[in-house]
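Okay, so here's the structure we're looking at.
The values are calculated or read from the model by the stated rules, or taken from the named source; none is laboratory data. If you're wondering where the values come from, they're calculated on a predicted model, not measured in any experiment. Counting neighbours? That spans all protein chains shown, and the Cβs are built from the backbone with ideal geometry, glycine included. Ligands, DNA and RNA are excluded from the accessible area calculation, which covers all protein heavy atoms including side chains. Shrake-Rupley method; radii C 1.70, N 1.55, O 1.52, S 1.80 Å.
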Amino acid sequence: MNVRNPYFDDVISTHGLIRAWLAGEAVTAEHCADLLARFSPAFTMVAPGGKQLDGAGLTTFFRAAGGSRPGLAMRIADLTLVQESIVGATVSYREFQSLPGGDSTQRLSTVVYEKTPAGALLWRHLHETWVA
């Protein structure tokens with residue numbers, strides 16, 4: 001029996017929303033709100049180049065970046081459940097991105113989830129590292 005992992009499903013679906021937003025395929029205010037609702041108000045991030053971002057910075061970035069990467073392709077692989085508890089989980093994965101006529105990039109990412117009392121999964125922390 002193949003049991004689906006809700007954290008893996010969320011990583012994949014969240015990246016689908018991100019890709020559609022950045023590629024300009026879905027740039028309504030509602031799409032952006034749906035995307036941002038996936039992140040905890042206490043969200044923090046370490047970007048691949050070492051820049052740190054909080055929830056307000058993430059909101060500013062996404063609101064400004066809608067449609068900024070036409071043709072963006074993303075692929076998620078190597079999903080690994082590092083840790084899981086009743087209050088959340090930690091998941092690592094490999095992310096591939098490419099633009100038409102541009103270079104492809106890879107990053108290793110780790111997301112820390114918090115699970116709300118209602119069962120919603122929120123991204124609490126994300127750490128990304130470039131793959132050489």
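The length gained on full extension between ALA29 and ALA65, counted as 0.36 nm times the residue separation minus their Cα-Cα distance, comes to 11.7 nm.
Stretching the chain fully between ARG38 and ARG4 yields a gain of 10.3 nm (0.36 nm per residue, less the alpha carbon separation).
Computed with a 1.4 Å probe over protein heavy atoms only, the accessible surface of the chain comes to 55 Å² per residue. Backbone N atoms of segment 93-120 closer than 14 Å to the 7 Å Cα→Cβ label point of VAL87 belong to residues 113-117.
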